[in-house]
Amino acid sequence: MSKELLLAAFLIGVGLCLSGAGTHFYQWRTKQQAMLRLDGKTTLGAFGHLVMSFVCGPYIMLQVGWRQEKDGTLSMTSVLISAVVAFGWAFITGLLFLSLYVSLPL
């Protein structure tokens with residue numbers, strides 16, 4: 001495995017970990033299910049939902065892909081599409097958070 005693929009896998013892992021932790025923290029603090037949303041009672045609330053949707057989006061997308069059909073089965077198309085979208089999204093968030101971490105002076 002080349003160094004670039006290993007770095008990409010690491011960025012995806014970081015993005016998914018932050019996304020999962022952020023989702024569970026949001027659900028713990030607000031006592032409601034995390035979902036992709038852009039509404040809010042105020043402008044600040046709408047901006048908070050936008051940030052939450054960006055950070056927690058990969059984990060939410062993976063959950064959406066694992067929803068069962070009416071007959072109790074999983075759609076493989078839904079699972080694969082949500083996984084591809086979630087991993088791509090996690091790569092972007094992982095890249096963002098690790099670049100912020102590396103750029104901070106310690």
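Please report the relative contact order for the chain, taking Cα pairs under 8 Å with a sequence separation of at least 6, and give it as a percent rounded to a whole number.
Over the chain, the number comes to 36 percent.
How much accessible area per residue does the chain have, in Å², with a 1.4 Å probe? All intermediate terms of the calculation are to be shown ahead of the outcome.
Numbers: 7580 Å² over 106 residues.
Per-residue accessible area for the chain comes out at 71 Å².
To the nearest Å, what is the center-to-center distance of the stretch 4-50 and the stretch 65-94, using C-alpha atoms only?
Taking the Cα centre of each part, the stretch 4-50 and the stretch 65-94 sit 16 Å apart.
If you take the alpha carbon radius of gyration of the chain and divide it by 2.2 N^0.38 Å, what ratio comes out, to two decimals?
After normalising by residue count via 2.2 N^0.38 Å, the value is 1.21.
Which order, highest average first, do 94-103, 28-37 follow once you tally other Cβ atoms within 10 Å for each residue and take the mean per peptide?
Per-residue mean Cβ counts within 10 Å order the peptides as 94-103, 28-37.
Could you give the dipole magnitude of the stretch 20-92 about its Cα centre, charging the beta-carbon of Lys and Arg +1 and that of Asp and Glu -1, in debye to the nearest 20?
Numbers: 6 positive and 3 negative charges, 54 e Å.
About 260 debye.
Would you please put 13-26, 53-66, 76-89 in order of how densely packed they are, using the mean number of other Cβ atoms within 10 angstrom per residue and starting with the highest? It would help to have the intermediate numbers written out before the result.
Working: 13-26: 18.4, 53-66: 20.1, 76-89: 15.1.
So the order, starting with the most tightly packed, is 53-66, 13-26, 76-89.
May I ask which residue of 32, 14, 64 lies farthest towards the positive end of the charge dipole of the chain, with charges of +1 (Lys, Arg) and -1 (Asp, Glu) on Cβ and the Cα centre as origin?
Farthest along the dipole direction, towards plus: 32.
Hey, quick one: spin label on residue 92, modelled 7 Å out along Cα-Cβ, who in the stretch 43-59 has an amide N within reach, i.e. under 19 Å?
47-59
The values are calculated or read from the model by the stated rules, or taken from the named source; none is laboratory data. Computed from a prediction, not measured in an experiment: that's the story for all the values here. When we count neighbours, we look across all protein chains shown, and the Cβ atoms used for this are built from the backbone with ideal geometry, even at glycine. Ligands, DNA and RNA are stripped out before the accessible areas are found, and what is left, the full protein with its side chains, is counted by its heavy atoms. Shrake-Rupley method; radii C 1.70, N 1.55, O 1.52, S 1.80 Å.
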